[in-house]
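Below: one structure, written as structure tokens.
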Amino acid sequence: MQEVLTMVPWLLPVLYGGMAIAFFCAVLRLIIGPDLPDRVVALDLALAIVLCVAAVYAAETGHQHFLDVALAIGVIAFISTVALARFLERGAMEEQ
Amino acid sequence: MIVTWLIVLLLLLGVGFVLVAAIGLLRLPDFYCRTHAMAKAGAFGGSLLLIGVALAFGSWLVAVKVILIIIFFYATTPVATHMIGRAAFLRGTRSWEGTGVNELQGRYDIQKQNLRGWKPEERGEFEPRE
């Protein structure tokens, strides 16, 4: 199971490094994002990257429970994005 | 052996797509372009990576769990992105100056939230929104 990932020695550093760079880009957009919707989208992508990290870590260590963590992170990402979108939309309605 | 390289390929493709999504989120000029990059490439890359993880485990229980995650992830990302894009449009987020067409301009009543049809006799009554 986890031998598959360690059979190719450069695989895990490339995976984690790529996801770290992606997370860094998302956090940078979260910081510099000129408007609130930009930040919400950046947060959504950051949570999706965390989901991927949890899945790869599950495959690396062989613990299936990290897949449940990934599922919970996916649910939280969806609910938070929808809640923030509703909040922004209601604010836009009241502003007009 | 073939399965090993298939797993490696799927994991690398997944991370590559996620990385492209993040770079697009960082580099593209306006909110709508960024959303476009992030939603499609992010969800697709995540799904590829999860399939690779399921093959690396090689058990049916994990496969069912991963399929559940993929269905949920792939079904909810477009919904969430559509909602945040709609909220941004209603909020008045400006698009990039290179954007050619805004098809909702003058056809969408923001107060009542209804969309005017494409027929010429149905247009006219709205003043266009700047």
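The values are calculated or read from the model by the stated rules, or taken from the named source; none is laboratory data. Predicted model, so just to flag it, every value in this text is computed and none were measured. Every residue, glycine as well, gets a Cβ built from its backbone with ideal geometry; the counts of neighbours run over all protein chains shown. Note: accessible area is taken over every heavy atom of the protein model, side chains too, but ligands, DNA and RNA are not part of it. Shrake-Rupley method; radii C 1.70, N 1.55, O 1.52, S 1.80 Å.
Quick notes on this one:
- Selection of the stretch A:15-40 for residues being facing chain B (nearest Cβ under 7 Å), open to solvent by less than 80 Å² (accessible area, probe 1.4 Å) and without any contact (Cβ under 8 Å) to a residue 12 or more places away in the chain yields A:G18, A:C25, A:L28, A:D35, A:D38.
- Being open to solvent by 30 Å² or more (accessible area, probe 1.4 Å) and either at the interface with another protein chain (Cβ under 7 Å from one of its Cβ atoms) or without any contact (Cβ under 8 Å) to a residue 60 or more places away in the chain (or both) holds for only one residue in B:L50, B:L12, and it is B:L12.
- Within the stretch B:62-93, being in a loop (DSSP other than H, G, I, E, B) and surrounded by fewer than 13 Cβ atoms within 10 Å (Cβ to Cβ) holds for no residue.
- Residue in the stretch B:22-43 that is more than 20 Å from A:L84 (Cβ to Cβ), surrounded by 23 or more Cβ atoms within 10 Å (Cβ to Cβ) and either of a type in the set (A, V, I, L, M) or within 12 Å of the chain's Cα centre (by Cα) (or both) present: no
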